[in-house]
Amino acid sequence: MNSQNSGRLILVTGASGYVGGRLVRDLVSDKCDVRILVRDAQKVADQPWAKDVNIVEGNATVISDLDRALKGVHTAFYLLHSINLGKNFDDIESEMARNFAVAAEKQGVKQIVYLGGIANDKNRSQHLASRMNTGAQLASTSVPVLELRAGIIIGSGSASFEMLRHLTHRLPIMTTPKWVSNLTQPISIRDALYYLRKAASLEKPVGKVCDIGGKEVLSYADMMQKFAKLSGLRKRWIVSVPVLTPKLSSLWIGFVTPVPTSLARPLVESLISEVVADPAKSIDAIIPPPPEGFIDVEGAITLALSRIADRDVITRWSDAAFPTAPWQKAQGDPEWAGEMVLCDRRESNTEASAASVWQAIESIGGENGYYGADFLWFLRGLLDRIFGGVGLRRGRRDPLTLRVGDSLDFWRVEELERGKRLKLYAEMVLPGKAWLEFSVIDNGTDRTVVQEASFSPRGLGGQLYWYFVLPFHIFVFPTMMRNLIRKANRTDHANSRL
């Protein structure tokens with residue numbers, strides 16, 4: 001443990017997100033005393049660091065929850081954002097930051113560390129302006145705030161990297177807006193985490209805005225060409241046109257890449273500005289550069305690609321929940337809530353071992369597919385993307401294992417009792433809420449597999465939707481159950497021959 005961290009309690013908000021999850025891991029490895037604030041403790045229950053941190057379950061919009069989370073804290077990392085919460089996300093972010101600052105001052109917090117975005121260009125998007133205002137609200141009390149402003153973060157699983165990767169892979173010839181020629185100063189996730197870790201062990205509190213960037217300044221088009229070269233692809237033809245607005249660009253990105261339109265838009269709007277670090281806002285006097293030097297863009301891309309190839313992606317942009325409508329945010333409503341629930345339930349028995357059955361269940365989705373009716377699943381994913389949803393392209397974090405909170409195509413792992421039960425919550429665009437659940441009952445001589453698709457409709461439109469798709473269930477769900485059992489039997493047979 002760094003001597004400066006001895007006796008310090010460090011709070012990390014946004015611990016279930018892309019940067020937050022990695023920061024917690026690194027702070028734990030540094031032997032820091034870490035507390036996290038999450039809305040649902042189950043979402044981080046399967047993280048390798050879960051038993052090494054103090055988990056406070058609560059909401060950053062509730063003052064009493066903030067008081068509990070910040071009590072006794074020396075340094076608090078603010079890694080929250082609300083860009084998926086509609087047009088007024090900037091007002092929500094401002095109020096959240098102000099409440100956090102007031103609670104931190106009340107609880108005697110010594111230092112707040114905030115990760116924002118580089119905003120030196122006068123041409124700022126609503127997203128960048130909101131990030132600046134968040135920093136200002138956090139600094140509105142007597143608690144010193146170190147605001148670290150970064151540009152594009154390159155790392156396996158980051159939204160920016162996934163957007164870059166899929167655009168370059170899928171489009172050898174691209175008609176792009178003018179912003180692809182704007183200058184940007186990306187930073188690798190490793191270097192961004194270096195600064196955040198060092199901020200946890202400052203000798204004395206610091207109140208300052210500092211830009212953090214990598215060693216190269218280049219255009220987004222240049223990054224695409226570098227990615228293509230490192231991926232063994234031919235040089236991309238990029239034709240810049242003036243007619244593609246950020247809205248049109250984000251719709252196109254949402255259709256072509258796994259990044260949904262609602263998340264692509266703030267990313268695209270940020271690229272309208274030139275995102276280059278200002279030497280006058282250098283952090284060097286507070287935290288020196290990494291001893292081993294910065295990772296350049298090619299090195300960061302290569303490292304990210306190797307993590308993906310090795311299936312060693314620790315956190316992903318999709319780790320954060322993606323509610324598509326206000327009524328879909330509360331996933332686990334109690335049974336007494338009075339909601340109508342429509343179900344398609346199927347059971348099947350098999351003599352395959354419980355381990356083989358569970359392996360078939362836990363490996364569902366992503367590149368493994370849904371055990372038949374692939375065209376119908378593809379069509380449902382395509383329709384979801386057309387209407388602004390996430391579609392099927394998020395895939396899986398790991399091809400064989402899941403953990404609570406994982407994104408799985410347009411599902412989210414809501415509950416997981418390994419070997420017995422898997423419950424997935426739908427994050428597709430729907431007039432209601434939907435789940436897909438699998439259970440395994442061991443009868444001794446055989447196993448009963450229960451497969452249940454349930455839907456809680458919102459109004460008459462939701463009910464009509466259920467009955468409209470009901471005929472397709474005849475093709476999808478019996479086929480899924482039948483092929484799942486077949487896979488379990490094949491796995492069992494293969495294991496018996498070893």
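Taking into account only those residues within the stretch 14-69 that are open to solvent by less than 40 Å² (accessible area, probe 1.4 Å) and of a type in the set (Lys, Arg), which is farthest from Ser156 (Cα to Cα)?
Filtering the stretch 14-69 for residues open to solvent by less than 40 Å² (accessible area, probe 1.4 Å) gives 14-24, 26-28, 32, 34-38, 41, 44, 47, 49-50, 53, 56, 58, 60, 65-67, 69.
If we keep only those that are of a type in the set (Lys, Arg) as well, we get 22, 35.
Numbers: Arg22: 11, Arg35: 25 Å.
The qualifying residue farthest from Ser156 (Cα to Cα) is Arg35.
What is the one condition in (1) surrounded by fewer than 19 Cβ atoms within 10 Å (Cβ to Cβ); (2) within 16 Å of Ala360 (Cβ to Cβ) that Gln451 does not satisfy?
(1)
Could we say that Leu430 is within 25 Å of Gly459 (Cβ to Cβ) and outside any loop (DSSP other than H, G, I, E, B) here? Show your work before the answer.
Values: within 25 Å of Gly459 (Cβ to Cβ): yes; outside any loop (DSSP other than H, G, I, E, B): no.
Answer is no for this residue.
Does the stretch 450-466 hold any residues that are of a type in the set (A, V, I, L, M, F, W, C) and farther than 17 Å from Ser439 by Cα, and which are they?
Phe455, Leu460, Leu464, Trp466 - these are the residues of the stretch 450-466 that are of a type in the set (A, V, I, L, M, F, W, C) and farther than 17 Å from Ser439 by Cα.
Can you confirm whether Leu470 is touching a strand residue (DSSP E or B) at 6+ places or on another chain (Cβ under 9 Å), assigned to a helix (DSSP H, G or I) and on the phi < 0 side of the Ramachandran plot?
Yes; evaluated as a whole, the condition is true for this residue.
Tell me which strands (runs of 3 or more DSSP E) are completely within the stretch 33-116 and hold 2 or more residues being without any contact (Cβ under 8 Å) to a residue 60 or more places away in the chain, or say none if there are none.
Those strands (runs of 3 or more DSSP E) span 33-38, 54-57.
Being open to solvent by 20 Å² or more (accessible area, probe 1.4 Å), free of Cβ contacts under 8 Å to residues at least 40 places away in the same chain and within 27 Å of Glu298 (Cβ to Cβ) narrows it down to one of Gln225, Gln185, so name that one.
Sole residue among the options that is open to solvent by 20 Å² or more (accessible area, probe 1.4 Å), free of Cβ contacts under 8 Å to residues at least 40 places away in the same chain and within 27 Å of Glu298 (Cβ to Cβ): Gln225.
(1) modelled with pLDDT under 90; (2) open to solvent by 10 Å² or more (accessible area, probe 1.4 Å): which one isn't true of Gly389, the others all being true?
Every condition holds for Gly389 apart from (2).
If a residue has to be under 15 Å from Lys487 (Cα atoms) and in a loop (DSSP other than H, G, I, E, B) to count, how many in the stretch 358-389 make the cut?
Total meeting the criteria: 7.
State which residue is surrounded by the most Cβ atoms within 10 Å (Cβ to Cβ) when the search covers only the stretch 124-141 and only residues that are in contact with a helix residue (DSSP H, G or I) (Cβ under 6 Å, 6 or more places away or on another chain) and part of a loop (DSSP other than H, G, I, E, B).
Ser125
Quick check on the stretch 405-422: of everything there that is open to solvent by less than 40 Å² (accessible area, probe 1.4 Å) and part of a strand (DSSP E or B), which residue is modelled with the highest pLDDT?
So, considering only residues that are open to solvent by less than 40 Å² (accessible area, probe 1.4 Å) and part of a strand (DSSP E or B), the one modelled with the highest pLDDT is Leu422.
Please work out which one of (1) buried (at least 19 other Cβ atoms within 10 Å of the Cβ); (2) under 22 Å from Gly17 (Cβ atoms) is the condition Trp358 fails and give its number.
Failed condition: (2).
Would you be able to say whether some residue in the stretch 4-15 is in a helix (DSSP H, G or I), touching a residue at least 24 places away in the same chain (Cβ under 8 Å) and within 25 Å of Val413 (Cα to Cα)? So that I can check it myself, show each step before the final result.
The initial filter retains those residues of the stretch 4-15 that are in a helix (DSSP H, G or I), namely 4-5.
If we keep only those that are touching a residue at least 24 places away in the same chain (Cβ under 8 Å) as well, we get 4-5.
Remaining after also requiring within 25 Å of Val413 (Cα to Cα): none.
Looking for residues that are in a helix (DSSP H, G or I), touching a residue at least 24 places away in the same chain (Cβ under 8 Å) and within 25 Å of Val413 (Cα to Cα), one finds none in the stretch 4-15, hence no.
Residue check, Trp336 against (1) part of a loop (DSSP other than H, G, I, E, B); (2) at pLDDT below 90; (3) over 19 Å from Ala426 (Cβ atoms); (4) not polar (S, T, N, Q), all met but one. Which one?
With (1) part of a loop (DSSP other than H, G, I, E, B); (2) at pLDDT below 90; (3) over 19 Å from Ala426 (Cβ atoms); (4) not polar (S, T, N, Q) applied to Trp336, the lone miss is (1).
Show the residue pairs meeting these rules: Cβ distance below 6 Å; 6+ apart or different chains; first residue within the stretch 267-292 and at pLDDT below 90; second residue in a helix (DSSP H, G or I) and among the polar types (S, T, N, Q).
Val268/Ser249; Val268/Ser250
Consider Trp179 against the criteria (1) part of a helix (DSSP H, G or I); (2) open to solvent by 10 Å² or more (accessible area, probe 1.4 Å); (3) at pLDDT 80 or above: it satisfies all of them except one. Which criterion is unmet?
If we test Trp179 against (1) part of a helix (DSSP H, G or I); (2) open to solvent by 10 Å² or more (accessible area, probe 1.4 Å); (3) at pLDDT 80 or above, just (3) comes out false.
The values are calculated or read from the model by the stated rules, or taken from the named source; none is laboratory data. The structure presented is a predicted model; accordingly, all values stated were derived computationally and were not measured. Please note: Cβ atoms are built from the backbone with ideal geometry, for glycine as well, and neighbour counts cover all protein chains shown. Each accessible area value is taken on the protein alone, full model and side chains, heavy atoms only, with ligands, DNA and RNA left out. Shrake-Rupley method; radii C 1.70, N 1.55, O 1.52, S 1.80 Å.
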